[in-house]
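Trainee: One structure, pasted below without further comment.
Throughout, read-outs are computed from the coordinates displayed, never taken from laboratory work. If you're wondering where the values come from, they're calculated on a predicted model, not measured in any experiment. When we count neighbours, we look across all protein chains shown, and the Cβ atoms used for this are built from the backbone with ideal geometry, even at glycine.
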Amino acid sequence: MNALPFTHLVRDSLLQHSLPPATEAPVNALRQRIYRAAVALVPPSTTSLRSTGSRARRTDDALLADFLHGDASALEELMAPHLQWMQDWARKHLPPHEADDAVQEAFIGLLQRAPTLQLQAPLRGYLFGFLRIAVLRALRSLSRRRGQPLDDEHLAHQVPADAVPSPEAALLTQRSHAELAEALERTCSLREQEVILFTLEGQDDRTIASALDITENHVRVLRHRALAKLRQALAPSTAPAHPGASHGR
């Protein structure tokens, strides 16, 4: 098996760091909303051919493929292990209604991309990636509706228009994915995290700006600020090895 992409491993670690305790928030209404939107996108053409006595669960990859081939029952099975954690995570960042909208957007975004998506890792990581973008775009929309500036947006003019990603960003891949994820979660905002991850994936500023619904200059500000935070967070400790090491002889 090929090694998982570095940024996918980082996002998976970020999910482990940032997932709130499981709740009993109701997901039935959200499940029905997603189901209706999904079957409107891919109308069902078959019923499940599985034996009613079969207890074996299909893999996420198989469920996704079966849904795209018209098996609507596959979507219900696909949502079952993912919907609750996605809702819990989204509600950590957004009001309930907007959070549920973000979860639906993430699921539908996955289904829209599925025909050309080459899965290189467990589906949960892809869903988390789609969900992070949906949450960030929802936060952007909320800021606009409330007439509030986005974090750091007022500083965008301070970065030259021809700025390019610092080679320092590429050096982050020399860290372990767990170490980088811990530093990102501890020091960077959600938007700063995504700018760094997109940069590590080789995305240009225009693509990043379009995905996050911000300006290209804002992308540069966020990256500059995030790299400064990570530089400090990942710097070797300068503390003495022993309590008495700094004392004179």
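Trainee: Want the number for Ala80 to Thr207: 0.36 nm per residue separation, take away the alpha-carbon distance, what's left?
Mentor: Length gained, Ala80 through Thr207: 42.5 nm.
Trainee: Next question. Counting other C-beta atoms within 10 Å, which of Thr199, Thr215, Thr23, Thr7 has the fewest, and how do the rest follow?
Mentor: Ordered from fewest to most neighbouring Cβ atoms within 10 Å, Thr199, Thr215, Thr23, Thr7 come out as Thr23, Thr215, Thr7, Thr199.
Trainee: If each residue's Cβ is checked for other Cβ atoms within 10 Å, how do Glu98, Glu201, Glu194, Glu105 rank with the fewest at the top?
Mentor: Starting with the residue having the fewest Cβ neighbours, the order is Glu201, Glu98, Glu105, Glu194.
Trainee: Convert each backbone phi in segment 13-26 into a coupling constant with the Karplus relation 6.51 cos²θ - 1.76 cosθ + 1.60 (shift: θ = phi - 60°), then list the ³J(HN,Hα) values in order as whole Hz, x for Gly and Pro.
Mentor: 5, 4, 4, 4, 6, 9, 5, x, x, 4, 10, 10, 4, x
Trainee: Could you run the Karplus curve 6.51 cos²θ - 1.76 cosθ + 1.60 with θ = phi - 60° over segment 173-181 and give me ³J(HN,Hα) per residue in whole Hz, x for Gly and Pro?
Mentor: 6, 7, 7, 6, 4, 5, 5, 5, 4
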